[in-house]
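Here's the structure, in structure tokens; my notes come after.
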Amino acid sequence: MKTYTCSEARQRLASVLDQALREGSVQIRDREGHLFVLLPAKQKRSPLDVPGVQVQLPRGEILSWLRAERRGSVARRFGRSPSNTRTRRT
């Protein structure tokens with residue numbers, strides 16, 4: 001782990017941060033001899049932040065599947081059969 005003086009770290013802040021990112025941490029010593037460790041923070045990601053999936057389905061097929069699923073979920077929620085649910089006219 002590389003150790004910088006406080007004035008070196010101040011003069012070369014961008015390269016110190018890059019090195020901390022690459023190596024995991026760097027140390028900075030102040031004039032009084034105190035030692036500090038600089039670590040990159042772990043970024044919190046949303047559990048919904050997932051990569052997309054490429055599918056070879058036509059737009060109409062996807063939309064008809066979504067409509068059918070929505071009709072079924074409404075029917076389950078209100079205790080009706082899918083044939084009794086109101087459908088959108090196209």
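Filter segment 28-57 for residues that are in a loop (DSSP other than H, G, I, E, B) and surrounded by 10 or more Cβ atoms within 10 Å (Cβ to Cβ) and give the result. If you could, list the steps in order and put the result at the bottom.
We begin by selecting, within segment 28-57, every residue in a loop (DSSP other than H, G, I, E, B); these are 30-34, 39-57.
Correct list: ASP30, LEU39, PRO40.
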| said: One residue is enough: does segment 64-83 have a residue meeting the conditions exposed (fewer than 10 other Cβ atoms within 10 Å of the Cβ), under 33 Å from the mean Cα position of the chain (by Cα) and at pLDDT 85 or above? | reply: no
| task | Quick one: which residue in ARG10, ARG31, ARG45, ARG22 is touching a residue at least 12 places away in the same chain (Cβ under 8 Å) and among the charged types (D, E, K, R)? | result | ARG31
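The values are calculated or read from the model by the stated rules, or taken from the named source; none is laboratory data. The structure displayed is predicted, hence computed values, not measured ones. Methodologically, a virtual Cβ is constructed for each residue, glycine included, from the backbone with ideal geometry; neighbour enumeration extends over all protein chains shown.
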